[in-house]
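Contents: one structure, followed by commentary.
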DNA sequence: CGCCAGGACGCCC
DNA sequence: GGGCGTCATGGC
């Protein structure tokens, strides 16, 4: 990966990166796609900074109106540019099915997102589809001038006051999570670095957080690459291609491998 | 219209 | 411990 700053923008060259693959593969729900002068452009927000990013062509990107400091201190981490995905994919490709998934969607990167936002987002995700998840989160953030509400703000809400989200039975789960985080009963920063089984147990104290949501929070919000969420798509892959279990040699990065498989299975026939 | 979705929970055995 | 009905909502 290399980059340079010019006219207030950052230009990035990174062959193992694709905006559609990374920003529309079900790990983040607040990136919006625009068409325009480039192959594609996305606008999104991480913490309090919004970003407009364009894919000029395969492997070349423009981070609009971003200083070199902001790029180094923030977006470099967020997009996990410190990790060599060609090495990861080389390892994944020793497995036949994963080799196909990497071939199909080799531009996926695991985003280093915010644990709190991931917790609420993946609570909303349960038994839900991606377009509707995006809609609920958009209505939520729309109620806070476009930013994601913090635990203090959400802890004041009730399932009834959240009815504008139209999140159904998940509203009370959002409230339970908010109360436990706001009260300090669950410290997400501490949870992020716990031994993983302890972290799982801790997250699952929240009503509405089971195995799947806990794994998603660990993987997408805490960069625990060994976490392995099993949704309906992954369960199909496991049944069909891994009847003897998922390869042991991948376990430290099973979550990232899982993301390639998820995107592959979900979109290959479209 | 019916089936499904990045599931969890309560109840049953 | 595993199996099953239920829970809102709306995309397709």
> Between A:227, A:99, A:214, which gets the highest mean-square fluctuation from a Gaussian network model of chain A, Cα cutoff 10 Å?
Replying inline: A:99
> Using 7 Å Cα-to-Cβ label points, what is the residue A:166/residue A:33 separation (nm, one decimal)?
Replying inline: 2.2 nm
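Hey, what's the Cα Rg ratio for region A:115-221 versus the globular rule of thumb, 2.2 N^0.38 Å? Walk me through the intermediate numbers first.
On the way: Rg = 12.9 Å, N = 107, 2.2 N^0.38 = 13.0 Å.
Taking N as the residue count of region A:115-221, the ratio is 0.99.
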> Can you give the Kirkwood hydrodynamic radius of region A:2-82 from its Cα pairs, in Å with one decimal?
Replying inline: 12.7 Å
>> Give me the extension gain from residue A:226 to residue A:91: residue separation times 0.36 nm, minus the current Cα-Cα distance, reported in nm with one decimal.
In response: 47.1 nm
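Mind running the shape call on chain A? Use the C-alpha gyration tensor, a ≥ b ≥ c as the square roots of the eigenvalues: rounded below 1.5 for a/c, prolate if a/b tops b/c, oblate otherwise.
Working: a/c = 1.63, a/b = 1.14, b/c = 1.44.
The shape class here is oblate.
Using a Förster radius of 22 Å, what is the FRET efficiency between residue A:193 and residue A:150 based on their Cβ-Cβ separation? Nearest 0.05, please. Before the final figure, lay out each step's value.
On the way: r = 21 Å, r/R0 = 0.96.
The formula returns an efficiency of 0.55 here.
Based on the Cβ-Cβ distance of residue A:211 and residue A:47, what FRET efficiency does E = 1/(1 + (r/R0)^6) give at R0 = 22 Å, to the nearest 0.05?
Values: r = 28 Å, r/R0 = 1.27.
Rounded to the nearest 0.05, the efficiency is 0.20.
Residue separation times 0.36 nm, minus the C-alpha to C-alpha distance between residue A:132 and residue A:11: what's the value? Present the calculation step by step, with values, prior to reporting the outcome.
Numbers: separation 121, 0.36 × 121 = 43.56 nm, distance 3.31 nm.
Stretched fully, the residue A:132-residue A:11 segment lengthens by 40.2 nm.
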>> I'd like the FRET efficiency for residue A:58 and residue A:143, computed as 1/(1 + (r/R0)^6) with the beta carbon distance as r and R0 of 51 Å, rounded to 0.05.
In response: 0.85
>> Please compute the alpha carbon radius of gyration of region A:200-240, then divide it by the globular-protein estimate 2.2 N^0.38 Å. Two decimals is fine.
In response: 1.20
> So, in Å, what gap is there between the alpha-carbon centers of region A:122-185 and region A:52-89?
Replying inline: 29 Å
> Computed over the Cα atoms of region A:119-180, what is the ratio Rg over Rh, Rh following Kirkwood?
Replying inline: 0.91
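FYI, it's all coordinate maths here, none of it is from the lab. Please read these numbers as outputs of a predicted model, since none were measured by experiment. Here Cβ is always computed from backbone atoms with ideal geometry, including for glycine, and neighbour counts include all displayed protein chains.
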